[in-house]
Amino acid sequence: MSSLTKIHNQILQPFVNETLENLASMAKMNGHCDEGFPDDVEKFRFKGYAICAETFGHIDGVVLMHHYSETAIAMGNAIRKCILGDEHAYEEINDEMADALAEWGNTVVGRATKSLAAYHLGIQFEPPYFVYDTDVMASLLTGVKDIITVPVHIDNVGRFYFNYLIRNVNEEVSNNIEKSKKILVVDDMKMVRSSMKRFLKKLGYNNVIEATNGFEAIEKFTSESPDFLFMDVVMPELNGNEALRQIREKDQETPIVMLSSVADQEVIDQCESLGISGYIIKPLTIDNGPETLSRFLS
């Protein structure tokens, strides 16, 4: 979902995960998602059926699992068969099918909400309900400023869309998401790692993990998927500039800031050619550390 903002990705990811997991568990269907994208509010059209969940608190809007008729019918029949053991397949949406789809949506929203709670975003969700009325959909679009969309493909069935229609976002949400970043600090000196963790905590960043050399940095980067790296250059076993090269072979987007006690222009040029967000000359002290780090995180 690289085309979306940090806040959009943070909110969408739990829903995408739960959508695919609950397709498998509640409908015995397999699927995959395309890249998420900002949708055009003016061109947004109702596709026939939707499971809706109103959101309030720090985000005023509505979550939609938005279906074409053939996809809704296939999913409704599959959910009923899986949950009720009912082999009868309806050819159109009725109350039983609507209830089945709403229950699936309720499970997706409920489980995603638990994941979102860890980020303290202050988003609350109303119970999902089923919509097949164009007038109701038109009312949901009133006041919408942004729409984010993720296409979901179901194997051998068709596709539907996960949409988030956003009317208003409180600034506190953006701040909370920013402060929830996972930051990897890489340095062979324990004192440096401890001081940087202290500086980051002072700035409001508490999700900080550590690595002691380049090999460990690559391992932690792969297993932990940090949002940001601060990495020393000169370390035993594997230097930071070589670890940077190996990380960039797999990932070109995660911001990485290098640190060194020596302003070696050749090393700086090498790191910049690999793609870094900055280069800090040590030492970092209590006087300049927090301010220096904050310049790269803002």
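Coordinate-derived values only; no laboratory data. What you are looking at is a predicted structure, and each value in this text was computed from that prediction instead of being measured. Heads up, the Cβs are rebuilt from the backbone with ideal geometry, glycines too, and the neighbour counts pull from every protein chain shown.
Provide Met231, Met97 in ascending order of the number of other Cβ atoms located within 10 Å of each residue's Cβ, fewest first.
Numbers: Met231 26, Met97 20.
Neighbour counts put them in this order, fewest first: Met97, Met231.
Amide H contacts of Met235 (H built 1.01 Å from N, in plane; Pro and chain starts excluded): Gly240 sit under 5 Å, all sequence-distant by 5 or more or on other chains. Students often get this wrong, so check it: of Lys28/Lys81; Lys182/Lys220; Lys145/Lys179; Lys220/Lys250; Lys190/Lys250; Lys43/Lys145, which have C-alpha atoms separated by over 20 Å? In this structure, Lys145/Lys179; Lys190/Lys250 exceed 20 Å between Cα atoms.
When a/c is below 1.5 the answer is rounded, else prolate if a/b is larger than b/c, else oblate, so apply that to the range 6-174 with a ≥ b ≥ c taken from the square roots of the Cα gyration tensor eigenvalues.
Numbers: a/c = 1.80, a/b = 1.49, b/c = 1.21.
Taking the square roots of the gyration eigenvalues as a ≥ b ≥ c, the range 6-174 is prolate.
Rounded to the nearest 500, the helix-only mean residue ellipticity at 222 nm of the chain stands at -13500 deg cm²/dmol, with each DSSP H run of n ≥ 4 adding -39,500 (n - 2.57).
Modelled spin labels at Ser25 and Ala89, positioned 7 Å past Cα toward Cβ, are 2.6 nm from each other. When log10 I(q)/I(0) by the Debye sum over Cα atoms at q = 0.08, 0.12, 0.15 Å⁻¹ is calculated directly from the model, which label among (i) -0.35, -0.79, -1.17; (ii) -0.48, -0.95, -1.21; (iii) -0.46, -0.84, -1.06 fits? Given (i) -0.35, -0.79, -1.17; (ii) -0.48, -0.95, -1.21; (iii) -0.46, -0.84, -1.06, the structure-derived one carries the label (iii). For the range 181-297, what does the alpha-carbon gyration tensor say about shape, rounded, prolate or oblate, given a ≥ b ≥ c as the root eigenvalues, a/c under 1.5 as rounded, and a/b over b/c as prolate? Verdict is rounded for the range 181-297. Per-residue packing, averaged as other Cβ atoms within 10 Å, sorts the ranges 277-289, 246-258 into the order 246-258, 277-289, beginning with the highest.
Here's the list of aspartates and glutamates a cross-link from Lys282 could span, going by alpha-carbon distance under 13 Å and ignoring same-chain residues fewer than 8 apart: Asp187, Asp232, Asp264.
Per-residue Karplus couplings for the range 284-294, computed as 6.51 cos²θ - 1.76 cosθ + 1.60 with θ equal to phi - 60°, are listed in order as 9, 10, 4, 7, 10, x, x, 5, 4, 5, 5 Hz, Gly and Pro entered as x.
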